[in-house]
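What follows is a set of notes on a single structure, which appears directly below.
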Amino acid sequence: MSGDGWFSRLKRGLSRSSAKLGEGIVGIFTKRRLDDEQLSELEDLLITADLGASLARDVTKELRKTRFGQEVSADEIREVLADRIAEILAPVAIPLTLNRNLHPHVVLVAGVNGSGKTTTIGKLAHQYRDQGLVVHLAAGDTFRAAAVEQLKIWGERTGCPVTTRPTGADAAGLALDALKDAQAVGADLLLIDTAGRLQNRADLMAELQKVTRVLKKADPEAPHTVLLVLDATVGQNAHQQVEIFRDMVGVTGLVMTKLDGTARGGVLVSLAEKFKLPVHAVGVGETAEDFRPFDARNFARGLVGLEE
């Protein structure tokens, strides 16, 4: 699919977020000279759009310095905002790259229940299978039969084998079995699903840490990647999730899903600014085509409602 097609999907997916920002900006900047009141309103708008206080300060400071007392249009403000957002996001827009010398490259996929972990694994499996890689899946959320079933369906759809165990089985033992299964066939990639029950955080932490410990016995470098899947609809709560999972399992990169279901897509900007973790991909819909590597400029322009 062409870049244009993806930008259209991304822009559509971000339409709730961009409508909130765009309408707010149009409401503030009605072709009069830029004054303190407008700058104050803009700062409030950017904070309520989950973009973070420091970006809001930077943008208003820049406008005060360069445009104060001049007439500015809503589109000019959007351009300034998109440029600043792209600057923040550019250093973290890093595609997920697999080490092709590893057989397999082990990716542990973490996140709270409902964040889209299993679907993300399915979409990644689809993309890497399309590239000709041998992909293996592990249904490590052993306490949720629905998660195991969902992963099996993705396995059938993508032609990837899935290592499973009965409901309630030890997740670390399953991860080890999956690694051995993947090694036995020389798989390029092993994607491991995990539990995400944050309400009993201590249990979850112990389980995830056990999974990584057991994997290291078989391969001291594993897991090679720890992906945290975030649901954009949770807004500022995403900050807490990043902190918790980073401390639990040493998150190496982020994926953000469900951007099409929320007006809070701006939270990705404040996450990038605070944590500096690579953002590998974003999802704006149900299909594998709605899930792509993260592009800072496209995202910034889509978020504020500008054309490519």
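The values are calculated or read from the model by the stated rules, or taken from the named source; none is laboratory data. All of these numbers come straight from a predicted model, not from anything done at the bench. Virtual Cβ from ideal backbone geometry, glycine too; neighbours counted across all protein chains shown.
Table for the structure above
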{"item": "Unique residue being within 26 Å of residue 199 (Cα to Cα), part of a helix (DSSP H, G or I) and within 10 Å of the chain's Cα centre (by Cα) when the list is 268, 254", "result": "268"}
{"item": "Close pairs from region 264-280: first touching a residue at least 40 places away in the same chain (Cβ under 8 Å), partner assigned to a loop (DSSP other than H, G, I, E, B) and of a type in the set (D, E, K, R), Cβ under 8 Å, at least 6 apart", "result": "264/50; 265/50; 266/50; 267/50; 269/50; 270/50"}
{"item": "Meets criteria (touching a Pro at 6+ places or on another chain (Cβ under 7 Å) and either modelled with pLDDT of 95 or more or surrounded by 23 or more Cβ atoms within 10 Å (Cβ to Cβ) (or both)) for residue 153", "result": "no"}
{"item": "Candidates 176, 108, filtered to the one that is on the phi < 0 side of the Ramachandran plot and under 21 Å from the mean Cα position of the chain (by Cα)", "result": "108"}
{"item": "Any hit, region 217-233, residues being among the charged types (D, E, K, R) and either under 25 Å from residue 159 (Cβ atoms) or within 16 Å of the chain's Cα centre (by Cα) (or both)", "result": "yes"}
{"item": "Residue check for residue 168: in a helix (DSSP H, G or I), surrounded by fewer than 16 Cβ atoms within 10 Å (Cβ to Cβ) and touching a residue at least 24 places away in the same chain (Cβ under 8 Å)", "result": "no"}
{"item": "Residues of region 182-212 that turn out to be among the hydrophobic types (A, V, I, L, M, F, W, C), part of a helix (DSSP H, G or I) and touching a residue at least 24 places away in the same chain (Cβ under 8 Å), as a count", "result": "6"}
{"item": "Test: residue in region 216-226 that is more than 24 Å from residue 84 (Cβ to Cβ), free of Cβ contacts under 8 Å to residues at least 24 places away in the same chain and not in a loop (DSSP other than H, G, I, E, B)", "result": "yes"}
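So that you can scan it fast, the table gives a plain yes or no per residue for (1) among the small types (Gly, Ala, Ser); (2) more than 27 Å from residue 286 (Cβ to Cβ); (3) surrounded by fewer than 21 Cβ atoms within 10 Å (Cβ to Cβ); (4) more than 25 Å from the chain's Cα centre (by Cα):
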position	(1), (2), (3), (4)
133	no, no, yes, no
149	no, no, yes, no
186	yes, yes, yes, yes
189	no, no, no, no
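So that you can scan it fast, the table gives a plain yes or no per residue for (1) in contact (Cβ under 8 Å) with a residue 60 or more places away in the chain; (2) in a loop (DSSP other than H, G, I, E, B):
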position	(1), (2)
41	no, no
50	yes, yes
54	yes, no
64	no, no
